[in-house]
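Below is one structure; the comments refer to it alone.
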Amino acid sequence: MSTLPLEDITVVGLEQAVAAPLATRRLADLGARIIKVEHPDGGDFARAYDDVVGGQSSVFVWLNRGKESVQLDLKNDADRAAFEEVLAAADVFVANLSPRALVDLGLDSEALCARHPGLIVCTISGYAPDGPQPGKKAYDALIQAEVGLMALTGWPDSPAKTGISVADIAAGSFAYSGVLAALRHRDRTGEALPVHVPLFGALTEWMAYPLYYTAHSGRTPAPMGTAHPTIAPYGAVPTAEGRHVMIAVQNEGEWRRLCTEVLDIPELLDDARLSSNALRVAHRAKLDELLERAFRTLPEAVLVERLEAARIAWARLNHVADLEHHPELAVPARWLDTRTPAGPIRTLTPVAAPGGRVARGGAVPALGQHTASVLAELAARRKETA
């Protein structure tokens, strides 16, 4: 049987919603044991976001494959003692409760590192603990607004959030990589370093390109729908049928081939206003007018054939409903058969797994499904050491 990269690692997750559960599920995919600690009063509130997956929440199914659910009330003395026993045998603790809540519970990094010196503590919050507003409430859309992402999304005068929780996903991804780096460091040196991920900092890193562009040019990128602020042509173009195809012209060779091999309008190359990418961006309105007229004469099948032959990147402007049936996902290896309390479903196979080795038997747990077995395990351990 293949060895999984993290099969000797135990992670305790005091987690809810998206960011921390994403980090721990990715660790579970690589073989780590994840003990998800949930409050007896309903558990992770993401369980109730919707009920479309056989009565289960789609977001919970996405983020909690391969975990054990244990219900503990950390304000109850017996449950708290059991929790500390679980932590004593763990390698990693991941939490995205508020910083104040963690301090009140004695579960902040400083307190935990003092009690459990070998434990890697990873905490996720809205803002940096050493910043001016460490306790400020923060949710995904609020962070998108704060970092300026909404000002780049949508159309001018119509700021919009992204269609997925990018602040949470960014933070969860940084938490995952931070934990892996901390495990590597502990393996080499014996030192357990804490990891903290603020949602604001995670999404600011994703915003670094427009941040640097604005800071050094004095110009603020505007929301442009499917277009690109510094490359043209780049974005959705119409076809004869009224549908749209995305294209991306990245260099002058591709621009020449677009004009001659795709559009069959070589005279565009003689237009001084369009002779470089910078000029095409500067004269975008005229460029868009010329290209829209040309593209509307081409049926989609002809356009796609010509783009392929000219080696110009393109994509169909799909809807979410198209994704499940995309040819890339038709390969059986892209899916796992996953058990859930409501029966088996297909879930996506993890990406970037070393050697393609992933935990294939992981199930989505029912609330408190593993409480009895984990408490029995603790009792057995106490008996062995008595």
**Asked** Percent antiparallel among DSSP beta bridges with both residues in the chain, to the nearest 5?
**Response** 45
**the stretch 308-314 - phi-based ³J(HN,Hα) in whole Hz, Karplus 6.51/-1.76/1.60, Gly and Pro as x** = 4, 5, 8, 6, 10, 5, 8
**Item:** Helix axis angle, 371-385 relative to the chain longest principal axis, alpha carbon, degrees
**Value:** 50
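What accessible area per residue comes out for the chain, rounded to a whole number of Å², with a 1.4 Å probe? Working shown, then result.
Working: 20090 Å² over 386 residues.
Accessible surface, normalised per residue, equals 52 Å².
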**Complete:** Note on the stretch 1-73: contact order normalised by length, alpha-carbon pairs under 8 Å, 6 or more apart, percent, works out to 34
**Message:** Let me check against my output: what whole-number percent is the relative contact order of the chain, with C-alpha pairs under 8 Å and at least 6 apart?
**Reply:** 18
**Request:** Averaging sequence separations of C-alpha pairs under 8 Å and six or more residues apart, then dividing by the length of the stretch 204-337, give the relative contact order as a whole percent.
**Result:** 26
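Taking a temperature of 4 °C and a viscosity of 1.567 mPa s, what whole-number D in µm²/s does Stokes-Einstein yield for the stretch 262-363 with Rh from Kirkwood over alpha carbon pairs? It would help to have the intermediate numbers written out before the result.
Working: Rh = 18.2 Å.
In µm²/s, the coefficient rounds to 71.
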**Packing-based ranking, highest mean first, of 61-74, 141-154 given that Cβ atoms within 10 Å are counted** = 61-74, 141-154
**Prompt:** Setting aside same-chain residues fewer than 8 positions from residue 383, which aspartates and glutamates have a Cα under 17 Å from its Cα?
**Reply:** 84, 85
**Asked** Gap in Å between the Cα centre of the stretch 101-135 and the Cα centre of the stretch 164-222?
**Response** 17
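With the convex hull built on the Cα atoms of the stretch 65-137, state its orientation-averaged projected area in nm². Spell out each step's value before the answer.
Values: hull surface 22.8 nm².
Here the figure is 5.7 nm², rounded to one decimal.
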**Fill in**
Short to long, in 5 Å steps from zero, the percent of alpha-carbon pairs of the stretch 241-306 per bin is 3, 16, 29, 30, 15, 7, 1
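If R₀ is 35 angstrom, what is the calculated FRET efficiency for the pair residue 366 and residue 188, using the beta carbon separation as r and rounding to 0.05?
Values: r = 39 Å, r/R0 = 1.11.
Plugging the Cβ-Cβ distance into 1/(1 + (r/R0)^6) gives 0.35.
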**Request:** Excluding residues fewer than 8 places away in the same chain, name every one of the aspartates and glutamates whose C-alpha is closer than 20 Å to that of residue 286.
**Result:** 252, 254, 264, 267, 270, 271
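Share of antiparallel DSSP beta bridges in the stretch 116-245, in percent to the nearest 5? Could you put the intermediate results ahead of the total?
Values: 4 of 8 bridges.
Restricted to the stretch 116-245, the bridges split so that about 50 percent are antiparallel.
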**Request:** Give me Rg over Rh for the chain, both radii from the alpha carbons and Rh done the Kirkwood way, two decimal places.
**Result:** 1.06
**Fill in**
Between the Cα axis of helix 166-189 and the main Cα principal axis of the chain, the angle (0 to 90°, nearest 10) is 60
**All lysines inside 18 Å of residue 75 as judged from Cα atoms, apart from same-chain residues fewer than 8 positions distant** = 36
**Message:** Rg and Dmax in Å for the stretch 1-109, alpha carbons only: what are they?
**Reply:** 14.1, 44
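The values are calculated or read from the model by the stated rules, or taken from the named source; none is laboratory data. Because the structure is a prediction, the values reported are computed rather than measured. A quick note on method: Cβ atoms are made from the backbone with ideal geometry, for glycine too, and the neighbour counts reach across all protein chains shown. When the accessible area is computed, the model is the full protein with side chains, heavy atoms only, and any ligands, DNA or RNA have been set aside. Shrake-Rupley method; radii C 1.70, N 1.55, O 1.52, S 1.80 Å.
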